[in-house]
1. Which of the following residues is closer than 13 Å to S83 by Cβ, of a type outside the set (S, T, Y) and at pLDDT below 95: R108, R174, R152?
2. Pairs only if they're at least six apart or on different chains, beta carbon under 9 angstrom, first in segment 248-273 and acidic (D, E), second open to solvent by 30 Å² or more (accessible area, probe 1.4 Å) and outside any loop (DSSP other than H, G, I, E, B); list them, first residue then second.
3. Starting from segment 176-199, keep only residues that are closer than 21 Å to E122 by Cβ, then list their pairs with residues that are charged (D, E, K, R) whose Cβ atoms are within a distance under 8 Å, requiring at least 6 positions of separation or different chains.
4. When both residues are 6+ apart or on different chains and their Cβ atoms are under 6 Å apart, which pairs have a first residue that lies in segment 62-86 and is surrounded by 12 or more Cβ atoms within 10 Å (Cβ to Cβ), and a second that is hydroxyl-bearing (S, T, Y)?
5. Quick one: would you say G192 is more than 14 Å from the ligand (Cβ to nearest atom), at positive phi, of a type in the set (G, A, S) and not assigned by TED's automatic domain parsing to the domain that holds Q274?
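The values are calculated or read from the model by the stated rules, or taken from the named source; none is laboratory data. All figures in this text were calculated on a predicted structure; none of them were measured in a lab. Quick reminder, even Gly has a Cβ in these numbers, built from the backbone with ideal geometry, and neighbours come from all protein chains shown. In case anyone asks, the SASA skips ligands and DNA or RNA and just uses the protein heavy atoms, side chains included. Shrake-Rupley method; radii C 1.70, N 1.55, O 1.52, S 1.80 Å.
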Amino acid sequence: MEGLERLAAELPSGRKLAVFHPNADCDAVGSAVALKRAFPGFDLSGAGGISRLGKRLLESVGERVLEAPEYVSYDTLVVLDTSNLPSLGIPQEVLDARRIIIIDHHLRTGNLKGVELYYSDETKPSCAEIIWELLNVQGVGEAPGAKTAQARGLDRGGAAGLAAGILTDTAHLRFARTSTLRALTEILDRSGLPLEEVLALMEDDVPDMSRKVAFLKGAQRLRYEQAGEYIVAASNVSAFEGALSKTLLALGADVVFVGAQAKHEFRVSGRAAQALVRRGFHVGKLMEEAGREMGGQGGGHAGAAGMSGGGEMEAAVNILMEKALSALRQMPKGG
Ligand SMILES: [Mn+2]
């Protein structure tokens, strides 16, 4: 058995804990909710922290995460939306002693030694689409007309999770493929969930004071350098680095790095403009390389990625800026 069939065969048995990358987003959390509703014996870990929207999704579907899960009581860890095992913050001896299944849609990162089943589909803009395919293999969400409600319908909470995952990872369908759109309409059709409900769930509320201050401080600390026709911008904040890097891209930068220092650890969020991505620029590869060189971890998509590690955030941002500038100098002239 290969891939999805094997996943569908393995997932029903034993106790499973879904684990995520730090600050888990709607794609990670939503994928887990759909799995939990479709397979028995699933719990969700909140140990790496859940993003603001991820928390809101959980609340709206009535699911909870375990802040400090007892890893020993699970047979299998199901790693969603990342293949970067060191970034999970789970002790190596715990990882070594559990069966590990990875379901991801990013570039493969790091060492996957001891991983029982690794399934990644980088052609999909979201992990949620893989889960939807898996549910179809398993038989949930069968075409309308199937006899039982169970066979016919996709649970509404699971559907909300998958739809939210698709919407976040595609920037509200901007980067969706036609197959993504098909998956989304099927998910909505088979659950009866109105799209409006998912969109309302994801609407950004008025930023709170800490976000306003972080954004404005980030703007004050902004610096940028030019390489030919491209601009690389960098800044730093103590939180909201992902949201700020997205905003700086909207201001006109082609590549953005925003760092955050937390005690001896740093995080950097990286973004690249879509026009640049279409020409082959890949901020995820760049951050993976820099992460490896600095003894931390990095990686992600061509247009959005992250890096973390021990040491100075300032140094990490400088290294990334240099790498981006030199990559951009080698880019063919636009047209
Ligand atoms: Mn994702």
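1. Details: R174 fails: closer than 13 Å to S83 by Cβ; R152 fails: closer than 13 Å to S83 by Cβ.
Unique residue meeting the criteria: R108.
2. That search, which allows pairs on different chains as well, returns D254/I231; D254/A275; E265/S308; E265/G310.
3. Within 8 Å, the pairs are R177/K124; S179/K124; S179/E129; T180/K124; T180/E129; A183/E129; A183/E133.
4. Hits for this filter: L66/S45; P69/S45; L80/S31; S83/T109; N84/T109.
5. On the way: more than 14 Å from the ligand (Cβ to nearest atom): yes; at positive phi: yes; of a type in the set (G, A, S): yes; not assigned by TED's automatic domain parsing to the domain that holds Q274: yes.
Criteria met by G192.
Results for (1) within 16 Å of the ligand (Cβ to nearest atom); (2) more than 30 Å from V268 (Cα to Cα); (3) modelled with pLDDT under 95, shown as yes or no for each residue.
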| residue | (1), (2), (3) |
| --- | --- |
| I166 | yes, no, no |
| D205 | no, no, yes |
| A219 | no, no, no |
| E229 | no, no, yes |
